[in-house]
Amino acid sequence: MRKQTAVFEKEESKVKKFLASLLVMVLSLAVLTGCGDDPDSFGHGSEESEDGDITITMLFSGVATEDDFQTMILPKLIKEKFPNITLEVTELPDDQYYTALKTKLASGECPDIIMVQPKYAGTNSVISLAQAGYLLDLSDLACLDLAGDAAKQSFTYDGKVYGISQGAAMLGAFYNKDMFEANSLEVPTTWDEFLNCCETLQQAGIQPIVMGDKDAYVMQFGLYQIAANEIYPNNPTYDDELRTGETHFTDEGTWDKVLEMYYELYEKGYINTSSLGLGASQAMQMFVDSEAAMTFDGSFNLQGINAAGAVDFERGYFPIPAENGDTYAAMAPGGGPAVYSGTKHPEEAKAILDYWFDGESPVYEAYSKDGNAIVTYGVGSDKNDPIFDTFLDMYRDGKAWYWCNQAWPAGTETEMEALFGSMIGGQGTTIDDITSGMQRKLEELLEQ
Amino acid sequence: MKNKNKKSGMLVMPNRMYIFAVPALLLFSVFWIYPVLQLFYYSFTNFNGINYNYDFVGFKNFARIISEGSLLNSILNTLLYTLIIVVVSNVIGLALAFMLNMGLKGTRFYRTAVYIPALFSAIVVGFIWSYVYMPSSGMVASIVDLFGGEGKWLNLLGNYQTALVSIAAVDIWKNIGTTMIIYLAGLQTVNESYVEAGMIDGCTDWQLIKYIKLPLISTTITINVVLNVIAGLKAFDFSFIMTNGGPGRATNTLMFSIFQMAFNDQMMGKASAFSVVSFAVIVLITIIMLIHMNRKEVEF
């Protein structure tokens with residue numbers, strides 16, 4: 001009996017030992033895989049199977065919707081054209097996308113195709129990534145010529161093109177056509193006419209413009225339009241020269257003028273005095289509910305602007321007019337795909353992009369139908385919402401400038417917003433304080 | 001016999017059991033200790049979060065955050081925020097706990113009602129309160145209108161003087177339930193015989209609270225104050241959700257500034273330096289407070 005117990009004890013301790021080591025192993029494995037990669041969750045570089053089939057991975061920012069173009073339609077159409085290529089697309093919301101991309105780049109496990117922003121815009125800006133050597137030169141792609149120079153320029157670093165623009169986006173003033181008609185107003189073509197327009201509306205007891213400056217980024221919507229009119233036509237290389245020190249934010253007749261013009265709208269109460277306490281979506285709601293005649297916003301928010309409100313009315317869209325009437329649109333080529341320099345299949349990745357953006361392929365057609373971006377060439381470019389017509393004509397005529405912050409190091413615009421906010425918040429901040437603050441921030445950021 | 005000894009030895013002194021701590025320790029080191037050490041390292045560089053070709057810049061990051069005033073502004077905002085939530089939260093929390101401890105009818109309902117806001121995420125609460133504070137048509141403005149005031153001029157989040165206080169009020173509203181529950185638990189441990197003795201000696205209600213109940217729950221007070229101070233010093237949620245640090249920089253707290261610097265301006269180096277200084281400030285405040293509060297605690 002005792003012997004039996006001893007054997008049993010021995011067995012038991014063996015089992016215990018085994019279980020303990022198993023547990024340790026499982027835990028260590030969990031730790032190791034935690035640091036490593038989950039091949040199913042993200043693309044992690046391409047794979048090639050024995051029969052020549054390859055997998056190209058793509059990481060994009062966006063939120064997957066029903067019949068999503070990126071994650072569902074695109075891979076299917078690519079498979080039809082290139083039967084040996086499987087495109088695996090992962091879509092992540094903006095913030096998560098930046099984090100994932102950074103991690104993937106740092107660990108050398110970047111997907112083959114990634115999304116980049118034009119010029120210096122954001123964490124995944126084409127220039128900062130190209131500078132760090134993460135991107136493949138795409139200059140020889142035929143589709144680049146279709147998008148035009150503005151788009152190409154925005155993705156160029158050191159003479160080479162590193163990304164493809166997905167359509168364009170614009171900033172402008174959405175207005176309530178019914179209110180304009182009721183007050184016999186027409187779309188203004190000069191800054192003075194614009195001010196008169198606001199004055200007439202104010203006299204009629206209508207809030208001319210509503211802005212939700214609590215979300216300070218909306219300040220950019222008005223300011224960049226004025227800058228497109230008043231700065232770049234006089235000096236197209238103003239922003240490049242900021243980087244070399246030839247121009248400064250403090251230069252007379254540049255940002256001081258832009259800020260002064262925009263501030264005038266606050267000073268005279270044309271923009272709601274409560275703007276600093278109002279969020280962007282709340283302001284949009286007020287416009288939609290006919291509580292204000294205008295709001296500055298981007299084409300990317302058209303859906304919200306078109307939402308049904310308390311009152312039914314027709315919406316219009318115009319660019320804020322220039323002082324001298326020579327108005328430019330603040331239009332930016334949107335972010336788009338680029339190819340990771342470490343990809344194992346550069347030719348295939350490039351072929352996919354060339355096919356996608358050729359202006360006539362089924363992929364391009366599906367992409368333009370998707371309606372997320374405003375396409376400027378090829379199939380579907382005639383099917384954009386007519387509300388954008390004025391802008392698209394200006395864009396094609398070359399009467400358009402990119403958005404200022406795309407050319408600035410990220411962070412300059414936040415400084416501008418904070419200082420402008422303190423000016424309209426009555427903290428005694430002057431225009432000079434703002435421009436010199438922007439200049440200081442720029443210099444600090446450039447040192448990085 | 002020998003075998004038995006060995007076995008019992010293992011039970012008393014489970015020396016090999018240390019192995020089981022390894023996975024947790026490993027996780028802790030990889031995801032906590034190592035990044036914190038890295039933070040100190042990055043605070044001396046101009047790392048931007050993407051490009052690993054960074055330079056060492058010495059104490060430049062530290063010099064800059066001090067000279068440009070962003071550090072002082074954030075520290076002042078954070079301290080004010082902390083002061084508000086510590087004082088108001090504890091006073092109201094304690095008052096509520098006393099009331100709920102009196103054995104009123106429906107105590108359970110009130111207790112649940114006060115605690116409910118603590119269950120929601122800060123995002124939800126912040127979003128709802130943005131509408132409560134909304135100028136001209138928000139709930140606060142409408143109530144002021146109802147009583148004949150000029151609600152349309154009320155712009156709580158858009159005003160430099162009121163923005164920080166307004167978001168602190170939301171924080172208090174959300175977390176008062178937790179503070180109250182801890183006080184309630186403390187009050188329920190107070191021995192009734194002390195209170196009865198006091199009553200026999202002819203203490204008034206106020207004297208009962210001041211000389212018997214409060215000293216007896218001094219440990220609970222310490223816990224609540226410390227928890228609130230920590231929450232205040234770490235304040236980020238409502239600045240981020242409700243005001244985005246604005247208007248201007250009126251609601252920039254330490255944590256918000258760090259976030260802004262690191263992920264908006266992409267100045268990881270500078271943000272690391274800011275974190276190091278914040279770390280020092282928070283540790284200093286916590287130590288001073290703990291020493292001070294421990295001295296005041298009473299034990300029976």
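Is there a quick way to get the dipole size of region B:68-296? I mean about its Cα centre, with the Cβ of Lys and Arg at +1 and of Asp and Glu at -1; what is the value in debye to the nearest 20?
220 debye
Only Cα pairs under 8 Å and at least 6 apart count here; give the relative contact order of chain A as a rounded whole percent.
Relative contact order comes out at 21 percent.
Scale the Cα Rg of region A:168-235 by the rule-of-thumb value 2.2 N^0.38 Å and send over the ratio, two decimals.
So the Cα radius of gyration is 1.24 times the expected 2.2 N^0.38 Å.
Roughly how many nanometres apart are two label points built 7 Å out from the Cα toward the Cβ at B:Y115 and B:V283?
3.6 nm
Normalised by the empirical 2.2 N^0.38 Å for globular proteins, what value does the Cα Rg of region B:81-128 take?
For region B:81-128, the normalised Cα radius of gyration comes out at 1.36.
Roughly how many nanometres apart are two label points built 7 Å out from the Cα toward the Cβ at A:D382 and B:T107?
7.9 nm
Taking N as the number of residues in chain A, what is its alpha-carbon radius of gyration divided by 2.2 N^0.38 Å? Walk me through the numbers before you get to the answer.
Numbers: Rg = 26.9 Å, N = 448, 2.2 N^0.38 = 22.4 Å.
This ratio for chain A stands at 1.20.
What does the net charge come to around B:G49 if you take all other residues with beta carbon closer than 13 Å to its beta carbon, with K and R at +1 and D and E at -1?
Result for the neighbourhood of B:G49: +1.
Starting from region B:46-89, pick out the chymotrypsin sites (Phe, Trp or Tyr not before Pro) whose DSSP state is loop and whose Cβ has at most 14 other Cβ atoms within 10 Å.
B:Y52, B:F59
Go ahead and estimate [θ] at 222 nm for chain B from helices alone: -39,500 (n - 2.57) per DSSP H run with n ≥ 4, summed, over the residue count, rounded to 500. Walk me through the intermediate numbers first.
On the way: 13 runs with 181 residues, N = 300.
Result for chain B, helices only: -19500 deg cm²/dmol.
From largest to smallest, what semi-axes in whole angstrom does the protein assembly as shown give when each is the square root of 5 times an eigenvalue of its alpha carbon gyration tensor?
Rounded to whole Å, the semi-axes are 51, 41, 25.
Quantify how strongly other chains surround peptide A:294-300 by giving the mean number of their Cβ atoms within 10 Å of each of its Cβ atoms. Write out the running numbers ahead of the final one.
Details: counts 0, 0, 0, 0, 0, 0, 0.
Mean inter-chain Cβ contacts per residue within 10 Å come to 0.
Would you calculate a helix-derived [θ] at 222 nm for chain A, using -39,500 (n - 2.57) for each DSSP H run of n ≥ 4 and dividing by the full residue count, to the nearest 500?
The per-residue figure over chain A is -13000 deg cm²/dmol.
Stokes-Einstein at 10 °C, 1.306 mPa s, Kirkwood radius from Cα pairs: D for region A:281-378 in µm² s⁻¹?
D, rounded to a whole number, is 93 µm²/s.
Where the only charges are on Cβ atoms (+1 Lys, Arg; -1 Asp, Glu), what is the dipole of the protein assembly as shown about its Cα centre, to the nearest 20 debye?
So the dipole magnitude of the protein assembly as shown works out to roughly 5640 debye.
Please compute the volume of the convex hull spanned by the alpha-carbon atoms of chain B and report it per residue in Å³.
With only Cα atoms used, chain B gives 237 Å³ per residue.
Describe numerically, in nm with one decimal, the distance between label points set 7 Å from Cα along Cα→Cβ at A:E246 and at A:M72.
If labels sit at A:E246 and A:M72, their model points lie 5.1 nm apart.
Express the Stokes-Einstein translational diffusion coefficient of region A:218-357 in µm² s⁻¹, to the nearest whole number, given a Kirkwood radius over alpha-carbon pairs, 10 °C and a viscosity of 1.306 mPa s.
Translational diffusion coefficient: 86 µm²/s.
Return the aspartates and glutamates within reach of A:K152: Cα separation strictly under 13 angstrom, same-chain partners fewer than 8 residues apart disregarded; answer none if there are no such residues.
Answer for A:K152, where 13 Å is the Cα cut-off: A:D137, A:D140, listed by chain and number.
Report the local net charge at A:A130: Lys and Arg +1, Asp and Glu -1, summed over other residues whose C-beta lies under 12 Å from its C-beta.
Neighbourhood net charge equals 0.
Note down the relative contact order for region B:68-296 as a percent, whole number, built from C-alpha pairs under 8 angstrom at least six residues apart.
Relative contact order for region B:68-296 comes out at 28 percent.
Helix A:2-35: angle to the longest alpha-carbon principal axis of chain A, degrees 0 to 90, nearest 10?
Taking Cα atoms only, the helix is inclined about 30 degrees.
Would you work out which of A:G334, A:A106, A:Y134 lies farthest towards the positive end of the dipole of chain A? Charges go on Cβ: Lys and Arg +1, Asp and Glu -1.
So the residue furthest toward the plus end is A:A106.
Kirkwood Rh over Cα pairs of region B:69-166 into Stokes-Einstein at 4 °C, 1.567 mPa s: D in µm²/s? If you can, show how the numbers build up before the last one.
Details: Rh = 16.2 Å.
Estimated via Stokes-Einstein, D reaches 80 µm²/s.
Within 13 Å, Cβ to Cβ, of A:T295, how many net charges do the neighbouring residues add up to if Lys/Arg are +1 and Asp/Glu are -1? Mind showing how you got there, number by number?
Numbers: positive: A:R315; negative: A:D213, A:D215, A:D289, A:E291, A:D297.
Taking every Cβ under 13 Å from that of A:T295, the sum is -4.
No value in this document is a laboratory result; all are computed from the given coordinates. It should be emphasised that the depicted structure is a prediction, and the values quoted were computed from it without experimental measurement. Cβ sites come from the backbone with ideal geometry, for glycine too, and all protein chains shown count toward neighbours.
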